[in-house]
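The values are calculated or read from the model by the stated rules, or taken from the named source; none is laboratory data. Just so it is clear, the model here is predicted, and its values are computed rather than measured. All Cβ positions, glycine included, derive from the backbone under ideal geometry; neighbour counts span all protein chains shown.
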Amino acid sequence: MCRLFALTSRDPISPMLAINALNTMKEGHDGSGVGLCLRGLGGRFEEELQGCPILSGIFTEAGLRRLEQYTMDHGFKSQYSILYTPETEPPAGTPVRGTYAAIAYKVPKGWNELTPAQQGQKLVEMRLELRKMGEEEGDIMVFSFWPDTIVVKEVGDPLEIGEWLQLGANRNLYARQILAQGRQNTNYAINLYACHPFFIEGVASMTNGENTAFIPIKEYMQSRNVPGYEGYQSDSEVFTHIAHYTTKRLGLDIRAYKHIITPLMDHEMADHPDREFLATLKRSCRKMIIDGPNCVIGTLDDGSMFMVQDRKKLRPGIVGGKDGIYAFSSEVCGIDAVIPDRDKSKDFQPMHLDTVIVGPDCKEIETCSQKDQLPRQL
């Protein structure tokens, strides 16, 4: 198994807090990789660059030159960049790759005349084009291209990688929502695109488990003709895309996510106040039903963070914290490492019917059950 740790905070905090929490759970992961998704950024990204798309990835010198030409051709102008080319040898097992980059861009003239949906589609299409360019030449890896978002991925021990990349030294990398996963892909070939968390249009998630229904779900998602539903080096990437499809394409609240991936049995719906809607949802979305075991942690465009389990409940997960900061963790020791002074009696371990949500205000843990009535906007 891998281990997951996420933080949601009212104020920007260092990503090394999440990496150190992963290190306390080291017996549960093999130290073969780390993935980070940072949202709600602080520093210059918050103060000067609100709304600017940020491209994050790894580039060779040739790749940076091709990236510059590509973005110029599309009318994007670099406004601020974090470019880090390590001068020391990488940790054992970590390849020498080049420059780790997060680049914020001024959008081209006329961009603001596009609808948010049109802007989002264009950013996804550009990310996919750059990924394809990089796969052809081996000089570009792009993990995200979206405002207020930086994604970092690498092979190696999470703590060693975090220290090697000096992730705690730059306050412009501090964030309010941090997803951190400790382990490289194990079901398929080692590939940074297979490393959690996965991200698309403001929706990110990471998973501990195995999705044995991966192939039919992947084929169904690909048939939706949604830009970005492709790649799939990991069987867990579909969890992100289903969350995206639930909230962005179906326009549903995240509380409906569980009803899509693990719908209630027919007899369980019999007395449900939303039984007609849920029966229709189950029938129309049946090809997105997962098989586990899985624990999923994710974030949404509004800064909310959530955790769900599947019916098998064979992957650990716990949520705890205090006013202003909450943690979502595979193990309680991860939360203890970051928020030791919380009221531990309020920690919550979701069962197979539960969804746990902490809003962007970071005031409290909200729990809901699939037995509950859904929000009225559904």
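Residues of the stretch 214-228 that are among the hydrophobic types (A, V, I, L, M, F, W, C) and part of a helix (DSSP H, G or I): 214, 215, 217, 221. Taking every residue in the stretch 63-85 that is over 14 Å from residue 104 (Cα atoms) and pairing it with any residue that is of a type in the set (Ser, Thr, Tyr), at least 6 positions away or on another chain, the pairs with Cβ-Cβ distances below 6 Å are 84/100; 85/99. In the stretch 285-313, the residues that are on the phi > 0 side of the Ramachandran plot form Cβ pairs under 9 Å with partners that are assigned to a strand (DSSP E or B) and of a type outside the set (Ser, Thr, Tyr), at six or more places apart or across chains, as follows: 303/39; 303/40; 303/176; 303/177; 313/295. Tally up the residues in the stretch 230-254 that are closer than 23 Å to residue 212 by Cα and either touching a Cys at 6+ places or on another chain (Cβ under 9 Å) or free of Cβ contacts under 8 Å to residues at least 24 places away in the same chain (or both), please. Qualifying residue count, the stretch 230-254: 6.
Got a number for residues in the stretch 254-279 being among the aromatic types (Phe, Trp, Tyr) and closer than 24 Å to residue 294 by Cβ?
Keep residues of the stretch 254-279 that are among the aromatic types (Phe, Trp, Tyr), which gives 257, 277.
This time we only want the ones that are closer than 24 Å to residue 294 by Cβ, so: 257.
Within the stretch 254-279, residues that are among the aromatic types (Phe, Trp, Tyr) and closer than 24 Å to residue 294 by Cβ number 1.
Would you mind listing the strands (runs of 3 or more DSSP E) fully within the stretch 134-186 where at least 1 residues are farther than 27 Å from residue 303 by Cβ? Let's see the steps before the verdict.
Details: elements: 140-147, 149-155, 175-182.
Output list reads 140-147, 149-155.
For the stretch 257-301, filtering for residues that are aliphatic (A, V, I, L, M), crowded, with 18+ Cβ neighbours inside 10 Å and over 30 Å from residue 40 (Cβ atoms) leaves 4.
Taking the condition modelled with pLDDT under 95 and closer than 18 Å to residue 375 by Cα, does residue 269 pass? So residue 269 passes the test.
Filtered by the rule that a residue be assigned to a helix (DSSP H, G or I) and surrounded by fewer than 13 Cβ atoms within 10 Å (Cβ to Cβ), the stretch 106-131 gives 112, 113, 116, 117, 118. Is it the case that the stretch 229-246 has a residue that's assigned to a loop (DSSP other than H, G, I, E, B), more than 30 Å from residue 182 (Cβ to Cβ) and over 15 Å from the mean Cα position of the chain (by Cα)? The answer is no; no qualifying residue exists.
Within the stretch 315-353, which residues are of a type outside the set (A, V, I, L, M, F, W, C) and either under 19 Å from the mean Cα position of the chain (by Cα) or crowded, with 19+ Cβ neighbours inside 10 Å (or both)?
315, 316, 317, 320, 321, 326, 329, 330, 331, 334, 350
With respect to the conditions (1) in a helix (DSSP H, G or I); (2) surrounded by fewer than 18 Cβ atoms within 10 Å (Cβ to Cβ); (3) within 25 Å of the chain's Cα centre (by Cα), residue 50 falls short on a single one, namely (1). The single residue among 245, 193 that is surrounded by fewer than 24 Cβ atoms within 10 Å (Cβ to Cβ), closer than 25 Å to residue 147 by Cβ, hydroxyl-bearing (Ser, Thr, Tyr) and at pLDDT below 95 turns out to be 193. With respect to (1) under 22 Å from residue 335 (Cα atoms); (2) in contact with a strand residue (DSSP E or B) (Cβ under 9 Å, 6 or more places away or on another chain); (3) part of a loop (DSSP other than H, G, I, E, B), the lone exception for residue 190 is condition (1). Counting only residues that are farther than 15 Å from residue 252 by Cα and among the acidic types (Asp, Glu), which one in the stretch 271-288 is nearest to the chain's Cα centre (by Cα)? The qualifying residue nearest to the chain's Cα centre (by Cα) is 276. Restricting attention to the stretch 7-36, the residues that are in a strand (DSSP E or B) and within 14 Å of residue 158 (Cβ to Cβ) total 4.
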